[in-house]
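Note sheet for the following structure.
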Amino acid sequence: MSQFFHKFGRNDVYINTIKAYPQVSLRLYSGSVFYNNAPVVSGSLTSSLNLLNSGGISLYEMNVDRSEAGTDPLADGETTGRKFGPNNVINNNLIRPWVSKDGTRMAFRTTSKGGFGAMNAGEIIYSSYPLSASITPQYYSSTTPRSTAATFDKSSGTGIAVSGEAAVTRIRALKNTINYYNYINPNFAYSSSNTYVDAAAPAGRDFDNCELGLVSIPSIFYGSSIKKGTVDLKFYFTGTLLGRAQDTAKNGVLYETTGALPGSPVGIVLYNEGMLILTGAWAMDPEAQEDYKGNNTTDFPRWIYFAQPVTGAWDSTTKSSYIADMSGTTTVQSLTMFASAPKGLLNHSNNPSYVQFSTGSYVKTGSTAYLQDRKRVIKNIVSSSYNDPTGSFEKTTYISKIGIYDENENLIAIAKPATPIKKTAGRDFTFKLKIDI
């Protein structure tokens, strides 16, 4: 084995940005979500390999097939009998993130200000894995309050005391964002008298007082944004396709392409925010009914109910199923390096097999000297057309690894060809190496 260091030239290293559009497919049925058709895989210690239900994504993929240890009565209530950290935090056999209280006031979102203030300096603050993400559907009836005003108590002699906190729903929080995209299409208006709703109410729509279904898709599913024009929604009832909605104009407005009212807008897509807002309230099939609201009353399938039963409380809708297909947008930085093996170079090796084998002595030692034989013969491995003699001698090596080193000669990456590459003095090679960064 022999190593030769060669510095990359200014034209040997390139950094490119690759934009990719990964496919995202969500199947929803009876309270369960399946992401890219991935089933729930059980482990040897857990019912779910990544401790998540179907359709969820685990950030960092920690605690794969790890279960929380049971109580060990021999260790004073500890779960494993082991502790870690200066504060003897109990080890429950699961990987957990933690920080130490210091002057930076860094803590987790689950730690309240009062709880943080009551801790001693250096005390361990820990959270839990997995950190997961999944789609969140939310149904709004025409009477669902979009906001809650704060209430004030003026009876106290010390001033005005707030007895309730103001809050807004998610759809109200999106008001400015929805209105921002109004220049694209009139359907992007939080409240408008010219917005189409359905055949029964062809004009006028206000997100504050109309029925709608909101489906939130975390960015971990699609990347920086959903690719425009790729959203494809399908609504099934007992396996029969009742309706299909697509962004045919690639402007964020979903139109029904298959169903009771083809060409009618059923909602809008906020591509950068990962939100589906469905307002199509017409009956997709006048003969199909199911309990979509979870209140023991049946209703016809409507676009506003798309994906809503996966909230858990409505998982009694066993006849309806949904498919949401789309493409994400991600960018990856790619480092391309060209490693050259020029003619006349890289044709010597320090590997013992490089020289011709002999039983003679190659080293002489003494009290004041150490000498090696400087005339050892390089093995000739050139093939010949005859069995006994070899061909004309030619220095030959085989390139089996290419190591990438930093400026301090620390090995940071290794590239290996499928088979060693034969290198002679008359050959030159250029190896193209790529790595995502």
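The values are calculated or read from the model by the stated rules, or taken from the named source; none is laboratory data. A quick note: this is a predicted structure, and the numbers were derived from the prediction, not measured. Ideal geometry is used to build each Cβ from the backbone, glycine not excepted, and the neighbour counts take in all protein chains shown.
Structural remarks
- Within region 33-49, the residues that satisfy the criterion of being under 30 Å from Tyr305 (Cβ atoms) and surrounded by 14 or more Cβ atoms within 10 Å (Cβ to Cβ) are Val33, Phe34, Tyr35, Val40, Ser48.
- Considering region 291-319, the residues that are crowded, with 16+ Cβ neighbours inside 10 Å, at pLDDT below 90 and outside any loop (DSSP other than H, G, I, E, B) include one that is nearest to the chain's Cα centre (by Cα), namely Val310.
- Evaluation of Ser134 against (1) over 23 Å from Ile304 (Cα atoms); (2) within 22 Å of the chain's Cα centre (by Cα); (3) of a type in the set (Gly, Ala, Ser) (one fails), failing number: (1)
- Test result for Leu276, out of contact with any Pro (no Cβ under 8 Å at 6 or more places or on another chain), farther than 24 Å from Gly328 by Cβ, modelled with pLDDT of 95 or more and in the same structural domain as Ile171 (by TED's automatic domain parsing): no
- Among the conditions (1) at pLDDT 90 or above; (2) loosely packed, with under 12 Cβ neighbours inside 10 Å; (3) closer than 30 Å to Thr330 by Cα; (4) out of contact with any Gly (no Cβ under 8 Å at 6 or more places or on another chain), Ile414 misses just one, which is (4).
Okay, residues lined up against (1) part of a strand (DSSP E or B); (2) surrounded by fewer than 16 Cβ atoms within 10 Å (Cβ to Cβ); (3) over 30 Å from the mean Cα position of the chain (by Cα):
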{"site": "Leu214", "(1), (2), (3)": "yes, no, no"}
{"site": "Phe221", "(1), (2), (3)": "no, no, no"}
{"site": "Gly229", "(1), (2), (3)": "no, no, no"}
{"site": "Lys234", "(1), (2), (3)": "yes, no, no"}
{"site": "Arg244", "(1), (2), (3)": "yes, no, no"}
{"site": "Lys250", "(1), (2), (3)": "no, yes, no"}
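- Close pairs from region 137-151: first within 26 Å of Val33 (Cα to Cα) and not assigned by TED's automatic domain parsing to the domain that holds Arg170, partner of a type outside the set (S, T, N, Q) and surrounded by fewer than 13 Cβ atoms within 10 Å (Cβ to Cβ), Cβ under 8 Å, at least 6 apart: none
- Single condition Asn176 does not satisfy, out of (1) farther than 27 Å from Pro309 by Cα; (2) surrounded by 14 or more Cβ atoms within 10 Å (Cβ to Cβ); (3) modelled with pLDDT of 90 or more: (2)
- Test: residue in region 186-209 that is under 30 Å from Asn53 (Cβ atoms), at pLDDT 85 or above and touching a Pro at 6+ places or on another chain (Cβ under 6 Å): no
- Near pairs, Cβ below 6 angstrom, 6+ apart or cross-chain, from region 337-353 (farther than 16 Å from Ile414 by Cα) to any residue that is among the aliphatic types (A, V, I, L, M) and at pLDDT 80 or above: Gly344/Ala425; Asn347/Ala425
- Checked against (1) free of Cβ contacts under 8 Å to residues at least 60 places away in the same chain; (2) under 19 Å from Leu174 (Cβ atoms); (3) surrounded by fewer than 20 Cβ atoms within 10 Å (Cβ to Cβ), Asp285 meets all criteria but (2).
- When every residue of region 342-351 is checked against the conditions, at least one turns out to be at negative phi and modelled with pLDDT under 75.
- For region 91-118, filtering for residues that are over 29 Å from Ser67 (Cβ atoms), in contact with a strand residue (DSSP E or B) (Cβ under 8 Å, 6 or more places away or on another chain) and part of a loop (DSSP other than H, G, I, E, B) leaves 2.
- Those residues of region 237-277 which are under 29 Å from Thr318 (Cβ atoms) and among the charged types (D, E, K, R), in sequence order: Arg244, Glu256
- Checked against (1) touching a strand residue (DSSP E or B) at 6+ places or on another chain (Cβ under 7 Å); (2) under 18 Å from Gln138 (Cα atoms); (3) in contact (Cβ under 8 Å) with a residue 60 or more places away in the chain, Gly252 passes all but a single condition, namely (2).
- When residues in region 94-121 are screened for being among the charged types (D, E, K, R) and loosely packed, with under 13 Cβ neighbours inside 10 Å, 4 of them pass.
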